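Visitor: Have a look at this one before I ask anything.
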Amino acid sequence: MLSRTDPIWIDDADDPRVAEFRSIRERDLTGRENRFIAEGTVVLRMLAAAHARGGDFVAEKVLLLENRLAGLALDLASFPPEVPVYVASAAVLDAIAGFHLHRGVLALGQRRRQPEARELIGQLSQRALVVVAAGISNHDNIGSIFRNAAAFGVDALLLDQTCCDPLYRKSLRVSVGAVLKVPFARGGTVEGNLALLLERGFDIWALSPSGRVEVSSITPGPRTALVTGTEGSGLPAPILEKFNTARIAQVPGLDSLNAATATGIALYQIASAQGRLQDALAGS
């Protein structure tokens, strides 16, 4: 069994032991046996923490630039010994990845199970905050929404089937690993996800530039869901007609904020009103 002081040196970019890292820009592992690439030091740490929690996410292997090995010794020690650590020179690592990898830190992870929306909702307490996303196809926006969700104590994220996979390498990197922390389900329709939340007594607020009240006027209940849609077309009209809607005031001349920014502003308001931020400050 390997110890954390025994890295495995890779001298050939075609070494089959690191095949999963090859040409990662063109052939992302999202959707392939539930595996994903974690890139960068912060995401590596989040993957180690997720693995240690024994939840849905585990690490399978790590690949590092040779000059990153010493500085990451403590982080690597947090992985179990059976997770191999491979090390390569800059030239070999770039040949493996297919581009210049200036961060020099990669890991292969796996999501062992994918809970459905009903399961996640059933696990929530009587004070809960959920984000429901519809049609978010931009990987930067998905990653930023997860980062906002983690910052404001969101309990679960429900993504409809038209949202991109948050475990795509860029989304995971933009989220700074929050995708590995905030529970989420991806699938079904936004209407179906909202119906499940209504069954469980959630107050639902939909974000829209044409919202009926200012976001600062949201008075969330103990169980609240915030719905956000894609930029441009936004949320479907039936959702805006059926549920409470909120807008974010801005100066004239711009169509709207991007989905992640708008979601972050609204989450701050709701989390503050629910007492989540006060709880965090009291514990700091």
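No value in this document is a laboratory result; all are computed from the given coordinates. Since this is a predicted model, take the numbers as computed values, not measurements. Here the Cβ is made from the backbone with ideal geometry for all residues, glycine too, and neighbour counts use every protein chain on show.
Visitor: Can you tell me the equivalent ellipsoid semi-axes for the range 1-159? Use √(5λ) from the Cα gyration tensor, largest first, whole Å.
Guide: On the way: eigenvalues 193, 64, 39 Å².
Three semi-axes, in Å: 31, 18, 14.
Visitor: Step through the residues of the range 213-228 one at a time and calculate ³J(HN,Hα) from phi using the Karplus curve (6.51 cos²θ - 1.76 cosθ + 1.60, θ = phi - 60°), rounding each to whole Hz and writing x for Gly and Pro.
Guide: 10, 6, 4, 5, 8, 5, 10, x, x, x, 10, 10, 10, 10, 10, 10
Visitor: Next question. Could you derive backbone 3J(HN,Hα) for the range 68-80 from the dihedral phi with the Karplus parameters 6.51, -1.76 and 1.60 (θ = phi - 60°), listing whole Hz in sequence and x where the residue is Gly or Pro?
Guide: Those phi angles translate into 9, 4, 5, x, 9, 4, 5, 5, 5, 5, 7, 7, x Hz.
Visitor: Another one. Would you mind ranking 268, 168 so that the residue whose beta carbon has the fewest other beta carbons within 10 Å leads the list?
Guide: 268, 168
Visitor: Taking +1 at the Cβ of each Lys and Arg and -1 at the Cβ of each Asp and Glu, which of 237, 221, 179 sits farthest along the dipole of the range 117-283 towards its positive end, judged by Cα position relative to the Cα centre?
Guide: The listed residue farthest towards the positive side: 179.
Visitor: Sequence-distant or interchain residues sharing an amide H contact under 5 Å with residue 225, placed H: which?
Guide: Those lying under 5 Å, H to H, from residue 225 are 130, 203, 204, 205.
Visitor: Fewest first, what order do 37, 145 take by the number of other Cβ atoms within 10 Å?
Guide: 37, 145
Visitor: How big is the dipole moment of the chain about its Cα centre under a simple scheme where the beta carbon of each Lys and Arg is +1, that of each Asp and Glu is -1, and everything else is neutral? Debye, nearest 20, please. Numbers along the way, then the final one.
Guide: Numbers: 29 positive and 30 negative charges, 111 e Å.
Value, rounded to 20: 540 debye.
Visitor: On the principal axes of its Cα set, how long, how wide and how thick is the chain? Give whole Å, largest value first.
Guide: Principal-axis extents of the chain (Cα, largest first): 61, 39, 32 Å.
Visitor: Sticking with this structure for a sec: For a protection proxy built on the mean count of beta-carbon atoms within 10 angstrom, sort 56-69, 245-258, 116-129 highest first, please.
Guide: 56-69, 116-129, 245-258
Visitor: Fewest first, what order do 184, 243, 99, 202 take by the number of other Cβ atoms within 10 Å?
Guide: So the residues, fewest neighbours to most, are 99, 243, 202, 184.
Visitor: For residue 184, what residues show an amide H to amide H distance below 5 Å, using hydrogens built from the backbone and excluding near sequence neighbours?
Guide: It is 157, by chain and number.
Visitor: Also, quick follow-up: Just going by the charge dipole of the chain, with Lys and Arg at +1 and Asp and Glu at -1 on Cβ, which of 102, 84, 210 is farthest out on the positive end?
Guide: 210
Visitor: Summing -39500 (n - 2.57) over the DSSP H runs of n ≥ 4 in the chain and dividing by its residue number, what mean residue ellipticity at 222 nm do you reach, to the nearest 500 deg cm²/dmol?
Guide: The helix-only estimate for the chain comes to -9000 deg cm²/dmol at 222 nm.
Visitor: State to the nearest 20 debye the size of the charge dipole of the range 8-111 about its Cα centre, where the only charges are +1 on K and R beta carbons and -1 on D and E beta carbons.
Guide: So the magnitude is around 360 debye.
Visitor: Binning at 10 Å from 0, report for the range 117-283 what percent of all alpha-carbon pair distances ends up in each bin.
Guide: Going from the shortest bin to the longest, the percentages are 11, 43, 38, 8, 0.
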